[in-house]
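Participant: Okay, handing you the structure first.
Values in this text are rule-based calculations from the coordinates and carry no lab data. Values in this document were obtained by computation on a predicted structure and should not be read as measured data. Please note: Cβ atoms are built from the backbone with ideal geometry, for glycine as well, and neighbour counts cover all protein chains shown.
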Amino acid sequence: MKEPPADNRLLRALDSISIATGRLTSWLTLIMVIVTFVVVVMRYVFDAGAVWLQESVVWMHAVVFMVGAAYTLQQGEHVRVDIFYRGMSEYRRAWVDLSGTLLFLLPLCAFLGYKAWDFVMVSWQLGEFSREPGGMPYPFLPILKSVLLLMPLLLAVQGVSMLLRALRTLREPR
């Protein structure tokens, strides 16, 4: 049996990270819906509430978007001007992906990671917890704020996959 080229194995490994986070995000979305249902039933049926439960829905929603971003990029479902892109040849699309990744995606990931670092570290150092009585206790807020570092990392990993795929396409004879 012939072994696949090393770049194919690397691309599959990088893509598998985004696919795994996409699956995790889909389950988190289901959990978010269930928790929202519980909050509504508690409030309107039992006239009771749990602030931490309501806060958790907001945070889960944020995590869905931030952790799901790399999966969305991997699936090609991100925002792009498809009017031009879909009519391009595979070779020209590879140039667009290569330049977009190098000029926009990877620098943006580096910037987001840099700007989020202090914000996240301060949250951990302070032992931050919810300001609301009955809100989310420590360490939930620092853990959730750490997703601000995870998002650019996951996007960068997917960006490297896109970059390698574009380079492979550009190396192929036309």
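Participant: Can you sort Ser99, Ser130 so the residue with the fewest Cβ neighbours within 10 Å comes first? It would help to have the intermediate numbers written out before the result.
Facilitator: On the way: Ser99 11, Ser130 16.
Exposure proxy ranking, most exposed first: Ser99, Ser130.
Participant: Going by average Cβ neighbours within 10 Å, how do the peptides 102-110, 144-152 rank, with the highest at the top?
Facilitator: Details: 102-110: 14.4, 144-152: 19.1.
Put in order of decreasing packing, that is 144-152, 102-110.
Participant: Hey, another quick one. For Ile34, Ile19, which order do you get if you count the other beta carbons within 10 Å of each Cβ and list the fewest first?
Facilitator: Working: Ile34 10, Ile19 16.
Ranked by crowding around the Cβ, least crowded first: Ile34, Ile19.
Participant: Further question: Report, to the nearest 10°, how far helix 6-44 tilts away from the longest principal axis of the Cα atoms in the chain, using its own Cα long axis and a range of 0 to 90°.
Facilitator: So the inclination is approximately 20 degrees.
Participant: Using only the alpha-carbon atoms of segment 1-74, report the extent along each of the three principal axes, biggest first, to the nearest angstrom.
Facilitator: 64, 22, 15
Participant: How would Tyr85, Tyr114, Tyr71 line up from fewest to most surrounding beta-carbon atoms within 10 angstrom? The partial results should precede the final answer.
Facilitator: On the way: Tyr85 14, Tyr114 10, Tyr71 23.
By the 10 Å Cβ count, ascending, the order reads Tyr114, Tyr85, Tyr71.
Participant: Kirkwood hydrodynamic radius, segment 2-129, all distinct C-alpha pairs: what's the number in Å?
Facilitator: Numbers: mean 1/r = 0.0546 Å⁻¹.
Over segment 2-129, the inverse of the mean reciprocal pair distance is 18.3 Å.
Participant: At q = 0.27 Å⁻¹, what base-10 log of I(q)/I(0) does the Debye formula yield for segment 99-174 when every alpha carbon is treated as an equal point scatterer in vacuo?
Facilitator: -1.12
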